[in-house]
Amino acid sequence: MHIIAKSKLRLFWESNSSFQDAVEPLTEWYRHFDKASYQSPQAIKDVFGTASILKGGRVVFNIGGNKYRLIVAFDFERQLGYIRFVGTHVQYDRIDAELI
């Protein structure tokens, strides 16, 4: 699966020195999906049990021991994942996860 864009992950952890603990789990998440192939949100949920499935192929991942949230919009037919949001729980609570 091709993930667009890894730079959003990097920008997040570089934006604040207190987010440095996100580097390893976000990098591991990216490496997993870069090599993986999923056909549906439920297939992702089967592997990432704490992930939440939203409308429109979006999936919310708990990152770093549930300290951070990552929203990815997937196009399963084309095997693409678009990073829509990465942030803390407080930042996540301020957005509409289905519209961002």
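The values are calculated or read from the model by the stated rules, or taken from the named source; none is laboratory data. Because the structure is a prediction, the values reported are computed rather than measured. Here the Cβ positions follow ideal geometry from the backbone for every residue, glycine too, while neighbour counts run over all protein chains shown. Quick note on the areas: whole protein, heavy atoms, side chains included, nothing else; ligands and nucleic acids left out. Shrake-Rupley method; radii C 1.70, N 1.55, O 1.52, S 1.80 Å.
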On average, how much accessible surface per residue is there in the stretch 15-100, in Å², for a 1.4 Å probe, leaving out ligands, DNA and RNA? 56
Kindly provide the helix-only [θ] at 222 nm of the chain, computed as the sum of -39,500 (n - 2.57) over DSSP H runs of four or more divided by all residues, to the nearest 500 deg cm²/dmol? -10000 deg cm²/dmol
Pairing the Cα long axis of helix 23-35 with the longest principal axis of the chain, what angle in degrees results, from 0 to 90 and rounded to the nearest 10? 20
Tell me which trypsin sites (Lys or Arg not before Pro) from the stretch 49-100 have a DSSP coil assignment and no more than 10 other beta carbons within 10 Å of their own. ARG78, ARG94
If you put +1 on each Lys and Arg Cβ and -1 on each Asp and Glu Cβ, how big is the dipole of the chain around its Cα centre, in Debye rounded to 20? 100
At a 1.4 Å probe radius, carbon and sulfur cover how many percent of the accessible area of the chain? 50
Radius 9 Å from Cβ of PHE85, net charge of other residues (Lys, Arg +1; Asp, Glu -1): +3
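Could you tell me the calculated FRET efficiency between GLN42 and ASP96, based on Cβ-Cβ distance and R0 = 30 angstrom, to the nearest 0.05? Mind dumping the intermediate values first?
Working: r = 23 Å, r/R0 = 0.76.
Result of the calculation: an efficiency of 0.85.
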